[in-house]
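Have a look at the structure below before the remarks.
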Amino acid sequence: MIEVQDLTRRFGPLIAVDGLSFRVERGEVVGFLGPNGAGKTTTMRILSGYLPATSAGTVAVAGHDVLRDSMAVRRSIGYLPESVPLYPELRVEEMMRFQGKLHRLERRALRTRIDEVLERVGVLDRSRQLVGTLSRGLKQRVGLAVALLPDPEVLILDEPTSGLDPIQRREVRRLVAELSDQHTVLLSSHILAEIETMAPRVVILHEGRKVADGDQSSIIESLSGGAAGHVSLEAAAAAEPDRMAELIGSLPGVARVEVGERVGIHHSFSVFGEGDLREDVGALAMTQGWALRELTWKRPSLEELFTRLVIGTLDAEEEPVPRSVAEPAVEVSSAPDLPLAGGELPLGAPGTSAQKTIYSLNPFDRGASRDLSKPVSVDDPSPAEDDPESGA
Ligand code: ATP
């Protein structure tokens, strides 16, 4: 339904999208993720036919080539840009009629269709209100109504929940879930927790490149080096935390122990290894006389892994190598093959400043870190553009 092959977009010396390839099949809901400036909006605007690519191997939507047949692409797509281009001086229904004319919808059918989509997004009772007087959340809904008006096969939603309060965000999430029954949806966000609930599959961009692509559970598993989760322990003891970590690390099946922050008299540890090791860690705590406050099995969130993937590499360059208090129990010679973006995954050293790795099996510890400070190359500089968001 959406096919992007080797797409590149430059703005002067900046490569905003760099050789990007991905596919979205009919009926899929795909989350487009990445930090600010990753290239999400640029890609979505190219897909929607509002911005030309610098070089596009293949960019096709619903079987239409974006370059050669951009009108057909626009007809197949409902696009909700990040800043919704609405007409403040028009009433909601007037603006919808205007949009309908732009889409050349038949006049009588248009009236019914406008009511249908306004009802669908929950603003039918606002149809006589001036657009400029709507709250931000209501404007976002009207923007969605505009995108839905021509009943497009594909919906491209750029940060649909941006700037909304938690209740409005929940409403928009519910709406997207409903829409996904009938449309192929590509939606962007830099709020990972949100995408986690809306899109089973995610494509992660960083500095214009795809760094991961797959369903969330396989991404989580791959990025965490095959570990489905870890044991989280909080305990108070007379022993020093390094000694406690050493004892935990000597348990069979434990690959790595991270020492977390101290909270009051309790020390926290994350224990990685072969599966759920709560019983072994609990038994150790009992024999050592540690006072347990927490012993839980934690599955990493996409957010945690994303931070390691994107931000962790930066931390890795600034931070010294984590202090080791013991030799690694198992050597890892290379990062595992990740079924993600064909080796494009930039893996760096792990963790946050609050954590020290003791035993390590984690691919983040030793993988080659990408040089994020390196300036992008300029092969064919063209003047920077600043084209305003086109309407519709
Ligand atoms: P955000 O989450 O902040 O919306 P994004 O992932 O959508 O970010 P883009 O808006 O696609 O990122 O921007 C990618 C890069 O391209 C950024 O560095 C941005 O400044 C640059 N860029 C985007 N549009 C233009 C333009 N018209 N002229 C010059 N640079 C641009």
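The values are calculated or read from the model by the stated rules, or taken from the named source; none is laboratory data. Everything numeric here is computed off the predicted structure, so don't read it as measured data. When we count neighbours, we look across all protein chains shown, and the Cβ atoms used for this are built from the backbone with ideal geometry, even at glycine. Remember, those area values only see protein heavy atoms, side chains included, never the ligands or the DNA or RNA. Shrake-Rupley method; radii C 1.70, N 1.55, O 1.52, S 1.80 Å.
Protein heavy-atom accessible surface, 1.4 Å probe, per residue over region 162-305: 44 Å².
What is the list of residues in region 73-94 whose amide nitrogen lies under 20 Å from a point 7 angstrom out from the Cα of residue 130, following Cα to Cβ? The answer is 84-94, whose backbone nitrogens lie closer than 20 Å to the label point.
As a calculated quantity, the FRET efficiency between residue 67 and residue 11 at R0 = 25 Å, using C-beta atoms, amounts to about 0.85. Counting charges near residue 199 (Lys, Arg +1; Asp, Glu -1) among other residues having Cβ under 11 Å from its Cβ returns a value of -2.
Calculate what fraction, in whole %, of the accessible area of region 14-137 sits on carbon and sulfur atoms when a 1.4 Å probe is rolled over the protein chains. Walk me through the intermediate numbers first.
Numbers: 2950 of 6160 Å².
Carbon plus sulfur share of accessible area: 48 percent.
Close amide H partners of residue 293, meaning residues 5 or more places away or on another chain with modelled amide H under 5 Å apart, are 234, 235, 236. Between residue 251 and residue 98, the simple spin-label model (points 7 angstrom out along Cα→Cβ) gives 6.5 nm. The Cα atoms of region 100-167 give a gyration tensor whose axes a ≥ b ≥ c have a/c of 1.5 or more with a/b no greater than b/c, which makes the shape oblate.
Solvent-accessible area assigned to carbon and sulfur over region 143-217 amounts to 47 percent, based on a 1.4 Å probe. Taking a Cβ cut-off of under 9 Å around residue 254, the surrounding Lys, Arg, Asp and Glu residues balance to a net charge of -1, with basic ones at +1 and acidic ones at -1. How big is D, in µm² s⁻¹, for region 2-223 by Stokes-Einstein at 10 °C and 1.306 mPa s if Rh is the Kirkwood radius over C-alpha pairs? The calculation lands on 89 µm²/s. Residue 264 sits among other residues whose Cβ lies under 14 Å from its own Cβ, and their net charge, with Lys and Arg +1 and Asp and Glu -1, is -1.
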